[in-house]
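Remarks on the structure that follows.
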Amino acid sequence: MPLYEYHCAACGIFELLRPLGECAEPGTCPACAGAAPRRLSSPHIAAPHRPTYQAHARNEQARHAPRHACADHRPQRQERPSRPARPWMLGH
């Protein structure tokens, strides 16, 4: 059953678990037993924790894709040491 929010003028906002077919009907306030209209509210969506999200992303990669899920763990490109000047080379 979905969870709906209702607004009682005397008591404030409360939530009720109701069948989908009864969502348009006014709810009964648990404090004062008065009728309260349904309130438009945002859905409750929970995001997965970061380690769970990273594990899912890693599992969804193709086999030929790099195994690193995060840019922080990619191999770093190392700088080449500068070479000394070559006195025997001629600059043309």
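Here, each number is a calculation from the coordinates, and none is a lab measurement. Treat the numbers as computed from the prediction; the structure is a model and nothing was measured. Here Cβ is always computed from backbone atoms with ideal geometry, including for glycine, and neighbour counts include all displayed protein chains.
Details
- Between L20 and A33, the simple label model (points 7 Å from Cα in the Cβ direction) yields a spacing of 3.3 nm.
- Label-point separation, T52 to I13 (7 Å along Cα→Cβ), nm: 2.4 nm
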